[in-house]
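Take a look at the structure below.
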Number of protein chains: 2
Amino acid sequence: MPILSTEASGEKGSGAFGGPISRDSLSQRAYIAIRGSLMHSRLRPGQKLVARQVADELNISVTPVRESLLRLVSEHALSLDERGTVIVPKVTLERCIEIRDIRMLNEGEGAARAAIRASEADIAVLEQIHENYRAIEQKNDYQAALTENENFHFTLCRLSGSEALFGIVENLWIQFGPVLAYLYDGGQRPFHGEIHGHIHVINALRSHDPEQARNAIQHDILTGGQVIVDRLSAEEKTSTELT
Amino acid sequence: MPILSTEASGEKGSGAFGGPISRDSLSQRAYIAIRGSLMHSRLRPGQKLVARQVADELNISVTPVRESLLRLVSEHALSLDERGTVIVPKVTLERCIEIRDIRMLNEGEGAARAAIRASEADIAVLEQIHENYRAIEQKNDYQAALTENENFHFTLCRLSGSEALFGIVENLWIQFGPVLAYLYDGGQRPFHGEIHGHIHVINALRSHDPEQARNAIQHDILTGGQVIVDRLSAEEKTSTELT
DNA sequence: CAGCGTTTCTTGATATAACATATTTGTTGT
DNA sequence: ACAACAAATATGTTATATCAAGAAACGCTG
């Protein structure tokens, strides 16, 4: 059974033409491929990622594969077992809540800063992203919706103008993303029919109200994560009972 | 001229005996060596770190060196130029302030959580670290003082019990540490004779007062960083005038 | 059949070689 | 002396071979 499904999607499409295909290094492409598999939850928690096997599957040598695996480990998106083998980390309820809370802290700060700096054009872009997101979600294309939701959060945080903050948020996402995807695979929708949290964020930006923006994105993260927390609680309770 | 001075310090001394010397991988040792050089500001901003040269200097092959360099790049402790060569990033005033602020946000949160969870034993450990720190500082051993200060901040954050938070703080430190060291090399002492900020943190922990702890560590970071900000402002002003 | 030692397989870690490209150096012709 | 082209060098990137340590399979003996 193949470890990674065949998805060489470039993520950052290079040019409007199919054009001079991305001259990324193999290492970079391997990184994107593995990260993509992780984000789309095609890798089971606890699964081993053996360098040689992954290399075979991607038809490249182990060197660039090893580089990308180690990079993902350093980003805490993957872990190492006692022997040094790369494994997909298990998402515990505890870890999930922890990451959610740190996301709220840092994305909240990002939103607050964004509220101060964002121009009307910036906000319009964000609004457009959200509308795309809603449209995609309506079509039940959860994978795509996931990506567009990520896009919203990243774009918002980028508006803070803080490189360091963005780095942190990006990094938290790669740890949290797989959990979200895991949920989507379960066929549940984390968001409800009410007014979507993103809207409140956009309104706060328009008012240039930092604290309102902070609260809005924090509420969005909390709401979006609640379904995951519920489900993980249920699963952990079940497995405990089985023990 | 050698890129890295000879310092193979194990950081995490393994055992009380000189004992079964650390069976770290070469990659790990290279990482520690390069990181150490960075933290002790033996690398000039803008300097190139050529994999083969570093490998020669450490008497190992390029593979583990490349791995550690890439790891440091992924941690934003080093950067890549357009060609892919690793370079020591230049510290701008802007970046310095940015990292300081994000440190305040996250270490503040760490301290607040620590105030809730810390036992008296935990606090005693922290107190001991601070006393060591003061003693070392008095002896004008700035390098060692720097390490002990780092130890204080890390230990405090670890008391928060949040793995994710600790990872972020650790990562911010590796970006900020070189700047601190740079300052120390200039012979300036960032901390003053008054009651040290760490003391206020410890008091807040004893009172189990989260917000007081948050304020205390934030104030400490702000105060400690002020000298750096002043100096960088001065330097940037000068270089602007020269232009 | 059980236990134990040996061989083989797996797999991470390291070294080295092969390759590609950009930069530098050197040479030559006018 | 200078411009243009060619050779050499520097350096990141990838592939492959080797090593070592642990795990697993295998077979031998009692």
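The values are calculated or read from the model by the stated rules, or taken from the named source; none is laboratory data. In this text, all values refer to a predicted model and were calculated from it rather than measured experimentally. For neighbour counting, all protein chains shown are included, and Cβ atoms are generated from backbone atoms with ideal geometry for every residue, glycine included.
Would segment A:29-44 turn up any residue that is within 12 Å of chain B (Cβ to nearest Cβ) and either at pLDDT 95 or above or over 18 Å from the mean Cα position of the chain (by Cα) (or both)? I'd like the intermediate steps shown before the answer.
Restricting attention to segment A:29-44, the residues satisfying the condition of being within 12 Å of chain B (Cβ to nearest Cβ) are A:31.
Narrowing the set further to residues that are either at pLDDT 95 or above or over 18 Å from the mean Cα position of the chain (by Cα) (or both) leaves A:31.
Checking segment A:29-44: at least one residue is within 12 Å of chain B (Cβ to nearest Cβ) and either at pLDDT 95 or above or over 18 Å from the mean Cα position of the chain (by Cα) (or both).
Conditions (1) at pLDDT 95 or above; (2) crowded, with 19+ Cβ neighbours inside 10 Å; (3) among the small types (Gly, Ala, Ser), marked per residue:
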{"position": "B:Arg52", "(1), (2), (3)": "yes, no, no"}
{"position": "B:Glu57", "(1), (2), (3)": "yes, no, no"}
{"position": "B:Ser68", "(1), (2), (3)": "yes, yes, yes"}
{"position": "B:Ala77", "(1), (2), (3)": "yes, yes, yes"}
{"position": "B:Glu94", "(1), (2), (3)": "no, no, no"}
{"position": "B:Arg103", "(1), (2), (3)": "yes, yes, no"}
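Check segment B:73-87 and report whether any residue there is among the β-branched types (Val, Ile, Thr), assigned to a strand (DSSP E or B), within 14 Å of DNA strand D (Cβ to nearest atom) and within 14 Å of chain A (Cβ to nearest Cβ).
Yes, segment B:73-87 contains a residue that is among the β-branched types (Val, Ile, Thr), assigned to a strand (DSSP E or B), within 14 Å of DNA strand D (Cβ to nearest atom) and within 14 Å of chain A (Cβ to nearest Cβ).
Can you tell me which condition A:Val62 does not meet? The list is (1) within 13 Å of DNA strand D (Cβ to nearest atom); (2) farther than 22 Å from B:Val65 by Cβ; (3) within 14 Å of chain B (Cβ to nearest Cβ), and all the others hold.
(2)
Report, by residue number, each residue of segment A:52-67 that is within 13 Å of DNA strand C (Cβ to nearest atom) and farther than 14 Å from A:Val88 by Cβ. Explain how you work it out, then say what you get.
Step one: filter segment A:52-67 for residues within 13 Å of DNA strand C (Cβ to nearest atom), giving A:52-57, A:61-67.
Passing the criteria: A:Arg52, A:Ala55, A:Asp56, A:Glu57, A:Ser61, A:Val62, A:Thr63, A:Pro64, A:Val65, A:Arg66, A:Glu67.
Mind checking which residues of segment B:121-142 are touching a residue at least 24 places away in the same chain (Cβ under 8 Å) and of a type outside the set (Phe, Trp, Tyr)?
Quick first cut of segment B:121-142, residues touching a residue at least 24 places away in the same chain (Cβ under 8 Å) only: B:122-123, B:125-127, B:129-130, B:133-134, B:137, B:142.
Correct list: B:Asp122, B:Ile123, B:Val125, B:Leu126, B:Glu127, B:Ile129, B:His130, B:Arg134, B:Glu137.
Just the residues that are within 12 Å of chain B (Cβ to nearest Cβ) and in contact with a Leu (Cβ under 8 Å, 6 or more places away or on another chain), please, taken from segment A:169-183.
Residue satisfying the conditions is A:Ile174 alone.
Looking at B:Leu4, is it within 14 Å of DNA strand C (Cβ to nearest atom) and either at pLDDT 65 or above or more than 14 Å from chain A (Cβ to nearest Cβ) (or both)?
Here the answer is no, as B:Leu4 does not meet what is asked.
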